[in-house]
Amino acid sequence: MLDATSGTRKSPFYGPEHEAFRANVRRFVEREIAAHVDEWDEEGAFPRELYARAAEIGLLGLGFPAEYGGVDADRFLRLVATQEFARCGSGGLAASLFSHTIGAPPIVRRGSAEMKARVLPRILSGEKISALAITEPSGGSDVANLQTRARRDGDVFVVDGAKTFITSGMRADYLTVAVRTGGPGMGGISLLLIEGDAPRDGDAPVHGAAPATRPAVARFTLPVRIATHPLGCICCAPRGPVAEALGRLFLARARGELPWFRSVVAVTHSAAGADAVRAALAGDVVTAARFRRANG
């Protein structure tokens, strides 16, 4: 529909609350990020304090339960945040700052009440950093065939394997790790919550990662021994037919999230591309080049 007063196209999905939020996020990006992003890209890192500052205006809590410090938000509010962060010209920074949006949802959905109460408020306040560890050297999207294994040994899990290209993996306080506790296929996969300071072998940053995330994107090798309580199993695969049902549920949920994830990627690149064009037309070749570098 067209806005009769301005002659511009007005989306039926965005209301006054979305535009007010957009203005707030834009001010945050301009004040806290835009002035520093080139320096952070060169250093390959951004200050950890940025998480807490983002939490103060509700960015980290978008879509998470209010009882843990979250903020009730529809998907269009989250798209607004995505668009505004794309304007800073560093996709890597946004990926790291919001790595909890893939690391924490399994805790919300399947974690125990005690686990959620202990972990989620710290993540959503910016005090702690969350990451999701699925990708392995042997394959990325082939989740059903992941090789990292976990076995019970008394009161602990012993985890053996390797993960790579883990966004926020070098600095994460909580790692949601996909492991194999059962047989082959999706039905044998479980999720464990591993604290970031657990001893690991061979931690190393992944070279060639996006600017502002290079030290944060990790390649690391387990083994690690973790207690089953209070941190431990988020979603442990049982045996027999129930395991297959759990596997199908896990796969269906992953497939259901893919269209949303693709929408976010599309919005990110279209917003970044639009800003790069505006910068180039205005003669700001430095800004235009930064967008091209950050977004390919």
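The values are calculated or read from the model by the stated rules, or taken from the named source; none is laboratory data. Values in this document were obtained by computation on a predicted structure and should not be read as measured data. Please note: Cβ atoms are built from the backbone with ideal geometry, for glycine as well, and neighbour counts cover all protein chains shown.
Looking at this structure, is Arg48 surrounded by fewer than 18 Cβ atoms within 10 Å (Cβ to Cβ), under 17 Å from the mean Cα position of the chain (by Cα) and modelled with pLDDT under 90? Steps first, answer last, please.
Values: surrounded by fewer than 18 Cβ atoms within 10 Å (Cβ to Cβ): yes; under 17 Å from the mean Cα position of the chain (by Cα): yes; modelled with pLDDT under 90: no.
In short, no.
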What single numbered condition from (1) part of a loop (DSSP other than H, G, I, E, B); (2) at pLDDT 85 or above; (3) farther than 20 Å from Arg118 by Cα fails to hold for Met170? (2)
Yes/no for Ala133 being within 14 Å of the chain's Cα centre (by Cα) and surrounded by fewer than 23 Cβ atoms within 10 Å (Cβ to Cβ): no
Tally time: how many residues in the stretch 63-93 are surrounded by fewer than 23 Cβ atoms within 10 Å (Cβ to Cβ), of a type outside the set (Lys, Arg), under 15 Å from Val25 (Cα atoms) and touching a Ser or Thr at 6+ places or on another chain (Cβ under 9 Å)? 4
Among the listed residues Phe165, Phe157, identify the single one that is modelled with pLDDT of 75 or more, surrounded by fewer than 20 Cβ atoms within 10 Å (Cβ to Cβ) and in a strand (DSSP E or B). Phe165
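Restricting to helices (runs of 4 or more DSSP H) lying wholly in the stretch 1-113: which have 3 or more residues that are farther than 24 Å from Phe165 by Cβ?
Working: elements: 16-28, 37-43, 49-56, 75-86, 91-97, 100-103, 105-110.
Qualifying helices (runs of 4 or more DSSP H): 16-28, 49-56, 75-86.
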With respect to the numbered conditions (1) in a loop (DSSP other than H, G, I, E, B); (2) touching a helix residue (DSSP H, G or I) at 6+ places or on another chain (Cβ under 8 Å); (3) buried (at least 18 other Cβ atoms within 10 Å of the Cβ), which one is the sole condition not fulfilled by Glu127? (3)
Where the second residue is part of a helix (DSSP H, G or I) and not hydrophobic (A, V, I, L, M, F, W, C) and the first is over 20 Å from Glu49 (Cα atoms) and lies in the stretch 93-119, which pairs have Cβ atoms under 7 Å and are six or more apart or on separate chains? Ile107/Lys116; Val108/Lys116; Lys116/Tyr68
What's the number of the condition Ala210 fails, among (1) aliphatic (A, V, I, L, M); (2) outside any strand (DSSP E or B); (3) at pLDDT 80 or above? (3)
